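Have a look at the structure below before the remarks.
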Amino acid sequence: MYPLLLLVIALPFVSAVLIQGLAHRLQRRSAYLSVALAWLSFVLACVALWLALGDSARVVEFSSGLSWGIIRFDALGVLMCVVIAAISLIVRIYSIRYMIEEAGYARFFTLLDLMSGTLLLLVVAGDLIILLIAWHLVGVLLYFLLGHDTRSESAWRYAFWTWITYRFGDVPLVLAALLLFQAFDSWSLSVIFERLAVAPQTTTVFDLPLAEVVGTLVAVAAYARSAQFLLHSWLPYTMSGPTPVSALMHAGIVNAGGFLINRFAPVFVETGAVLHWVFLVGLATAVIGSVLMLTQNDIKKALGYSTMGQMGFMVMECGVGAFSLAIFHLIAHGLFKGTLFLSAGEVIGKARQHDGVPKDPLYGYVVEKTPAPTRKPWLAMAMMTLLVPALVLFAAHWLVAQDFYQKQGAVVLLFFGWITGAQLIFVTYRMRTTNLWRLFGMVIASFVIVVLGYTLISHAFDVFLYPDEVFRARLYAAAGIDVLWFDVLVVLVTLVIVSGWLRTYYLERRAGVDQRCGGAWLAFYALISREFYVNDAYAWLARRLEAGASRLNVWLRWV
Amino acid sequence: MAQMSWLLAVLFLPLFPFSMIFNLLWQRCTASWLRVILLLLWPLPGLWLLQGVGEIPVAIQGWALLSAVLYAFRALVVREFSIWMGFVAVSAWALLWLGMPATQSAVALAYIESFSLPLALLALLVAEVEQRHGAAYAGVVSALAANQPRLAAMLVLAVLAVIASPVFPAFFMMLANIASSLAQHPLLATGEMVVWLLWSWSAMRLLQALLVGPAVVSGHRDISARRGGMYALTLVLLAGFGLFIFGGQL
């Protein structure tokens, strides 16, 4: 049965070759061939997942007989296969009609198939060479998918930004792979991880600890792929590409960073400070991405920055040792962001006929600056957000383990649950309702579901992806910090978030903007409207480099 | 090794400023067959001279890296395809001084050919563009993807092969070369990665200028299906060599 699973990866490539070879005969029907084989690939991926659910610790490897060329079906790879196969199937079905009037219809499906196959290859790569090939090819294919419209200068300009960022991200991964090969004399991931576990203190160049150096390089590669701050500028601007490509990119391709960190979990488990840096980069990205998202007036660009924020959140989860939670996050994000992109066109179309803005008190408050007619019980809501996680914490302390407070991983999970749940409350609260008690009931129920769901699902993912309990504990330990500092940080972040909510509450009560800091707010708005000048800085640097190269060429007479 | 031999070696495995001689010659040769011969044969005497030389002195390795970076950097703003090819060829050949052990001539030859073969193919394709448009110059030629899609597709794939994209031979040879440099000094390996990155930058910048734009009625025909098939077959063969022969050496 297992050899059949190789078809999961092979079918998209077969489809690409057939479409390209038979394009003139198949014409528009080439899309149906692509979809049919994508269905088959998806079904086989589901079968693989079914087999993995029975024994998640089992790793099935297929080797080419060379020193590389290993395909590895483990829990992580199989789960990601299902996600990629599902999302790319939906994107292909959507594209059948969406792309029908575009030139290069068959080429689009060929590229889409190649991209799906490459992504699948990436997640089941059993050695560093396959991983590097797939990692590199994703960048190449994305470049041509984003530039599908060969008449659009802007699409190609931003495709180029993506290309160069991705190539920048390839550099550290290549170096990490070669350092691992140099140290352990094997390309096989299984062999490398085994040998690293036996000799975690192995050193590398400049006598530095191998795990730390490789961990850092892998993290940087993941940052470029997952649009972390300073390597993010390509993401919000790649909206000139076809919508199905945006959906695939935001739902699947950008998540590769989270996958990569998970794939190298056996390296990160041996590191010390690397995961703390991963956390900080993720945190900065999540905050900056979310702030930038709020200031956009273009729905697609707002979605782009929203993805950046979510990617920051995902990387942050890795940084606190919640590796499997990051996988859950990327799956959930992939599904909802894919849906948003695929329906963005419909929303824009409807908005052209009717702006869809309800003329309710909220509209009056935001747009017409009229005071809110009724006082809203924000404080009661905020109290609920604090009480429910506290109850969960006490229950866990009482029912699960006496030392629950000491487990940073558990507290972190709960913290994520609290943040997510609380945000949900405030979003739900914005919904119009005439029955306040019903609203309260829904809010409490959804909040409990989110907090418990987050905790339970992350535990389920933990057990599935990392069945070894000791390894799981070591992952959290690798990301752990001193208990005192941890508690201080949790309290501090809680205070920041709660004070933000309270500030919002009091501002709403006063029905206006705080005028005392008007100048500062304006300066801040100017800063974020220029997106922190990151793109300007890169453009300036690129111009200087190109001017330097031109000058050199003139001096050297172009020879 | 005698001084004369070193001198000849840095001429045929060109390092700056000796690389200017190759580039001058390259730009003077306009016949495509001559360019193909030049690409395939020029570095071979250098390779032959390096046989049995043992360790390459660190100073020469540094010189080679700077030379490779210089040409990769200069290629960033090149808008004429044949000049770009000359710069990339010189940059790629210079890297041989860093990673490849001079004693293992078979590996070194594989490295050279992994770049020379796709460059030779690209020379033929560029000649096709020049035949139709008078020059392969970004700005003069545009919208190639819309006007001559078959030629554009082959050009894209050949460029990808030249800049060491997977699964073409140069990709595997670059990995082997960087691994070898890494064993000597991490800065050499990092420098090679920078060169690789600069090739990618310049290639896409140039390619984009040629490919993108609205279709126009120009009267220039695309390459025939048969010729396109031959180019495609060559590229498939290159990819096959990459996977099974060059990749097998890792």
Ranked by Cβ crowding within 10 angstrom, fewest neighbours first, how are A:Tyr158, A:Tyr223 ordered?
A:Tyr158, A:Tyr223
What does the C-alpha gyration tensor say about the overall shape of the stretch A:20-84? Classify as rounded when a/c is under 1.5, otherwise prolate if a/b is larger than b/c, or oblate.
oblate
Taking amide H positions as placed in the peptide plane 1.01 Å from N, state which residues far from A:Arg151 in sequence (5 or more) or on other chains have amide H under 5 Å from it.
B:Gly213
To the nearest 20 debye, the stretch B:33-171 has a Cα-centred charge dipole, built from +1 on Lys and Arg Cβ and -1 on Asp and Glu Cβ, of 240
Calc'd 3J(HN,Hα), the stretch A:5-17, phi into Karplus 6.51 cos²θ - 1.76 cosθ + 1.60 (θ = phi - 60°), Hz, glycine/Pro = x, comes to 5, 4, 5, 3, 7, 5, 4, x, 5, 4, 4, 4, 5
In debye, nearest 20: dipole of the protein assembly as shown around its Cα centre with unit charges on the Cβ of K, R (+) and D, E (-)?
2380
Between the residues A:Ser15, A:Val59, A:Met99, the Cα farthest towards the positive end of the dipole of the stretch A:1-122, that dipole coming from +1 and -1 charges on the beta-carbon of Lys, Arg, Asp and Glu, is from A:Met99
Taking only Cα atoms of the protein assembly as shown, what ratio of Rg to Rh do you get with Rh as the Kirkwood inverse-distance radius?
0.99
Which of the listed residues, B:Trp93, B:Gly229, B:Val53, is farthest toward the dipole's positive end in chain B, when Lys, Arg count +1 and Asp, Glu count -1 at the beta-carbon?
B:Gly229
Do any trypsin sites (Lys or Arg not before Pro) in the stretch B:152-250 lie in a DSSP loop with no more than 16 other beta carbon atoms within 10 Å, and if so, which?
B:Arg221
Could you sort the peptides A:181-190, A:79-88 by per-residue average Cβ neighbour count (10 Å cutoff), highest mean leading?
A:79-88, A:181-190
Kirkwood-based Rg over Rh for the stretch A:516-559 (C-alpha set), two decimals?
1.42
Please report A:Thr165, B:Thr190, A:Thr285 as a ranked list, fewest other C-beta atoms within 10 angstrom at the top and most at the bottom.
B:Thr190, A:Thr165, A:Thr285
Among A:Lys300, A:Lys350, A:Lys337, which comes first, then next, by fewest other beta-carbon atoms within 10 Å?
A:Lys350, A:Lys300, A:Lys337
Computed ³J(HN,Hα) along the stretch A:83-96: with the Karplus parameters 6.51/-1.76/1.60, θ = phi - 60°, integer Hz and x for glycine or proline, the list is 4, 5, 4, 5, 5, 5, 5, 4, 4, 5, 4, 4, 6, 3
Taking the alpha-carbon centre of each part, the distance from the stretch A:73-116 to the stretch B:1-58 in Å is 46
Which three numbers, in whole Å and largest first, are the semi-axes of the equivalent ellipsoid of the stretch B:1-142 derived from its Cα gyration tensor as √(5λ)?
28, 15, 12
Return the aspartates and glutamates within reach of A:Lys300: Cα separation strictly under 17 angstrom, same-chain partners fewer than 8 residues apart disregarded; answer none if there are no such residues.
A:Glu346, A:Asp355, A:Glu531
Assigned charges on the beta-carbon of Lys, Arg, Asp, Glu; chain B dipole about Cα centre (debye):
560
Using the Karplus equation 6.51 cos²θ - 1.76 cosθ + 1.60 (θ = phi - 60°), what ³J(HN,Hα) coupling, rounded to whole Hz, does each residue of the stretch A:462-476 give in order, writing x for Gly and Pro?
4, 5, 6, 7, 10, x, 6, 5, 5, 4, 4, 5, 5, 4, 5
Projecting each Cα onto the charge dipole of the stretch A:516-559 (Lys/Arg +1, Asp/Glu -1 at the beta carbon, about the Cα centre), which of A:Phe532, A:Leu522, A:Val554 comes out farthest on the positive side?
A:Val554
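Every read-out reported here was derived from the displayed coordinates using simple, explicitly stated rules and does not represent laboratory data. Everything quoted here is computed from the prediction, not taken from an experiment. Glycine gets a Cβ as well: all are built from the backbone with ideal geometry, and neighbour counts include every protein chain shown.
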